[in-house]
Amino acid sequence: MTIRIGSGSAWWGDRISPAQNNAEKGALDYLSFETMAEATISAAQVRKRRDPSFPGYDTWLDDRMNAVLPACLREGTKIISNQGWINPDGAAERIVHWLRVHGAQGVKVAAVNGSLITNQVLELTDTILENGKPTKSLKDQIVSAEVYLGAQPIVQALRDGAHIVVTGRIADPSIFAAPMMFEFGWGMEDYTRLGFANGIGHLMECGAQVTGGYFADPGRKDVPNPWDLAFPIAEVNEDGSAIITKLEGTGGIVNTQTIKEQLLYEVHDPSNYITPDVVVDFSTTKIEELSENRVMISEISGKPRTPTLKVSIGCQEGFIGEDMFFYAGEGALQRAQLAEKILRERFKIVGLKAEELRIDYLGLNAIHGDMSPKPAHDPYEIAVRVAARTSTREEAMKIGREVDGMAVSGVGMTGKRVPHQDRTREIIGVWSSLVDRNAIHPTINFYES
Amino acid sequence: MLIKLVQLAHCRSGDKGNTSNISVIPYHPEFYAPIKQQLSAEKFKDFYAGVVSGNVTRYCLDKLEMFNFVCEGALGGGVSRSLCLDNYGKSLSSRILSFEIEINDDFKNLLH
């Protein structure tokens, strides 16, 4: 038995047409949407506080669902999605609305809850993983806390007849592993199969990053038609192998190199990649190129899961103020250096209180910082970029205000943008901790069109 | 002959909090052993001096013939707090492609 699982998105801002393409032409059994980054939930909580009308789920939910629902209904493709963010029930109700608009009756939508533990996080956790301090030290800053759930509640929802499952925070590989576990009856103690399922999920969760996205390096790693990248499709076999591929006629590439780059993406110890349901061992993986854009993956293994689940704790940590301005032609670097000196003096005069201040020269050292080699020649163009981290928005605003001053009170031949926004943003810092998995109880609510 | 890694391997970086992991993937199996011998975790850390402030751990995947370098303290305090324009460190991996490796002259026609 083989099932076909397609990727519908790899993050909130991802393209939508490749998802529609997969739904329409992929002959898919499942289409999975991943839409969350580490701080997505916290940002949604902050927005909800300010704007009670914000529904709390993926802001592209309507667009994504309308793009794929007609084809998914026609093809019988089930949808697994983490677009629920802080309101999986609201997302499920909205999907039911669109199902009815598309004329579908009796389609079951499941909402998975139970990942949000903001109110209990200080009782359920002890230590911040990144710095060893007690989580209680975050008490006054916490915006949101979410447990990374595993595949089990999705598998349960599918067993109960759901055609569409929408969740909040969940481990990314789980939205791909769950259909395999459901269809093939792989149990929670079958660590080899769970390791394989989550390993394939890991290769799929970043979408186009395995089909030629985040990959091209002209002359060394060329990607055909990179403006038309497909999202991947996994043809998963019950025997514990899978072919990673993409639709014919699309841009991009699937080969050993794209698989290897994605296999290690955001992985630390490749023999011990911890997911909620299993510890994946990638070191045993076998990769075989079968034909153009078809790569067989097998022999991923797994070990028993840990007794804990990961918790992300989002905290309000102040603000960043940021702006930039420009020089070109003869003496551009010297004018940039004088501008930096003026700004540093101005920040003293206006008493800027910054936890960190950074002034970069784009084109010289803004990206690789102190690692950047000295240039052999002065650059023809240069942008001066200023950024500071502060505890209040008022302090952060001083960055943009002082850059404004450079327009008429600064250096000759300064290029400047119109100040079109306040040039500050709020920092939501994310910390991690662990929670006893027995303390977490996901629940499922069902809706029907 | 001394060859820049860019002709021997490709790479990708990923972020988790304040840690960046940078993969180094040889284009050919022949390059795995010399890279393993010459690009230690210490050498890697030295090459990222000024950006990577914490420990670097190297994982060697002998079956897949590739490496993973896990760099702590690489992202300016973490993705959301970093003042770096590239706060995810997506472009950090390209730095290692300038590292030079001694390669047997016989492999000349395998260079990328």
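Data for the structure
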read-out: Single condition B:Gly54 does not satisfy, out of (1) surrounded by fewer than 21 Cβ atoms within 10 Å (Cβ to Cβ); (2) closer than 24 Å to A:Ile297 by Cβ; (3) not β-branched (Val, Ile, Thr); value: (2)
read-out: Elements of type helices (runs of 4 or more DSSP H) in region A:146-215, at least 1 residues being over 14 Å from A:Ile80 (Cβ atoms); value: A:174-184, A:191-205
read-out: Matching residues, region A:348-366, being in contact with a Lys or Arg (Cβ under 7 Å, 6 or more places away or on another chain) and not β-branched (Val, Ile, Thr); value: A:Leu352, A:Ala354, A:Glu355, A:Glu356, A:Asp360, A:Leu362, A:Ala366
read-out: Scan of region A:20-67 for residues that are of a type in the set (Gly, Ala, Ser), touching a residue at least 24 places away in the same chain (Cβ under 8 Å) and over 21 Å from A:Ser312 (Cβ atoms), ordered by number; value: A:Ala23, A:Gly26, A:Ala27, A:Ala67
read-out: Selection count where residues are out of contact with any strand residue (DSSP E or B) (no Cβ under 8 Å at 6 or more places or on another chain) and either within 14 Å of chain B (Cβ to nearest Cβ) or farther than 12 Å from A:Arg294 by Cβ (or both), scope region A:240-257; value: 2
read-out: All positions within region A:231-274 that are surrounded by 17 or more Cβ atoms within 10 Å (Cβ to Cβ), over 28 Å from B:Gln7 (Cα atoms) and small (Gly, Ala, Ser); value: A:Ala234, A:Gly240, A:Ser241, A:Ala242
read-out: Region B:61-99, residues that are farther than 30 Å from A:Glu322 by Cβ, touching a helix residue (DSSP H, G or I) at 6+ places or on another chain (Cβ under 8 Å) and surrounded by 15 or more Cβ atoms within 10 Å (Cβ to Cβ); value: B:Leu61, B:Leu64, B:Glu65, B:Met66, B:Phe67, B:Phe99
read-out: Filter result (within 10 Å of the chain's Cα centre (by Cα) and facing chain A (nearest Cβ under 10 Å)) within region B:35-70; value: B:Phe47, B:Tyr48, B:Phe67, B:Asn68, B:Phe69, B:Val70
read-out: Near pairs, Cβ below 9 angstrom, 6+ apart or cross-chain, from region A:356-368 (within 11 Å of A:Ile382 (Cα to Cα)) to any residue that is of a type in the set (Ser, Thr, Tyr) and surrounded by fewer than 18 Cβ atoms within 10 Å (Cβ to Cβ); value: A:Gly363/A:Tyr380; A:Leu364/A:Ser372; A:Asn365/A:Ser372; A:Ala366/A:Ser372
read-out: Residue under evaluation A:Ser283, criteria (1) more than 13 Å from chain B (Cβ to nearest Cβ); (2) part of a helix (DSSP H, G or I), criterion not met; value: (1)
read-out: Pairs with Cβ under 7 Å, 6+ apart, first in region A:279-306 and closer than 15 Å to A:Thr211 by Cα and among the acidic types (Asp, Glu), second modelled with pLDDT of 95 or more and assigned to a helix (DSSP H, G or I); value: A:Glu289/A:Thr256
read-out: Counted residues, region A:216-266 - those being without any contact (Cβ under 8 Å) to a residue 60 or more places away in the chain, among the hydrophobic types (A, V, I, L, M, F, W, C) and in a loop (DSSP other than H, G, I, E, B); value: 5
read-out: Which listed residue is farther than 25 Å from A:Gln45 by Cβ and either surrounded by fewer than 23 Cβ atoms within 10 Å (Cβ to Cβ) or assigned by TED's automatic domain parsing to the domain that holds A:Trp12 (or both), from A:Arg220, A:Arg169; value: A:Arg220
read-out: Test: residue in region A:65-77 that is of a type outside the set (Phe, Trp, Tyr), in the same structural domain as A:Glu266 (by TED's automatic domain parsing), buried (at least 23 other Cβ atoms within 10 Å of the Cβ) and not in a helix (DSSP H, G or I); value: yes
read-out: In region A:336-350, the residues that are touching a residue at least 40 places away in the same chain (Cβ under 8 Å) and either polar (S, T, N, Q) or surrounded by fewer than 20 Cβ atoms within 10 Å (Cβ to Cβ) (or both); value: A:Leu338, A:Glu340, A:Ile342, A:Arg346, A:Phe347, A:Val350
read-out: Filter pass, A:Leu124 being touching a residue at least 12 places away in the same chain (Cβ under 8 Å) and under 23 Å from the mean Cα position of the chain (by Cα); value: no
read-out: Unique match (being in contact (Cβ under 8 Å) with a residue 24 or more places away in the chain and in contact with a Phe, Trp or Tyr (Cβ under 8 Å, 6 or more places away or on another chain)) among A:Met371, A:Met397, A:Met406; value: A:Met406
read-out: Residue check for A:Lys341: away from every other protein chain (no Cβ under 14 Å), out of contact with any Leu (no Cβ under 9 Å at 6 or more places or on another chain) and part of a loop (DSSP other than H, G, I, E, B); value: no
read-out: Scope region B:75-96; condition among the hydrophobic types (A, V, I, L, M, F, W, C) and either without any contact (Cβ under 8 Å) to a residue 40 or more places away in the chain or farther than 17 Å from A:Gly369 by Cβ (or both); matching residues; value: B:Leu83, B:Cys84, B:Leu85
read-out: So A:Arg94, is it out of contact with any strand residue (DSSP E or B) (no Cβ under 8 Å at 6 or more places or on another chain), under 17 Å from A:Trp12 (Cβ atoms) and not small (Gly, Ala, Ser); value: yes
read-out: Failed criterion for A:Asn119 (all others in (1) of a type outside the set (Asp, Glu); (2) free of Cβ contacts under 8 Å to residues at least 40 places away in the same chain; (3) in contact with a helix residue (DSSP H, G or I) (Cβ under 9 Å, 6 or more places away or on another chain) hold); value: (3)
read-out: Residues (surrounded by fewer than 18 Cβ atoms within 10 Å (Cβ to Cβ) and of a type outside the set (Lys, Arg)) located in region A:370-391; value: A:Asp370, A:Met371, A:Ser372, A:Pro373, A:Pro375, A:Ala376, A:His377, A:Asp378, A:Pro379, A:Tyr380, A:Glu381, A:Ser391
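The values are calculated or read from the model by the stated rules, or taken from the named source; none is laboratory data. Remember, predicted model here, so these are calculated numbers, not experimental data. When we count neighbours, we look across all protein chains shown, and the Cβ atoms used for this are built from the backbone with ideal geometry, even at glycine.
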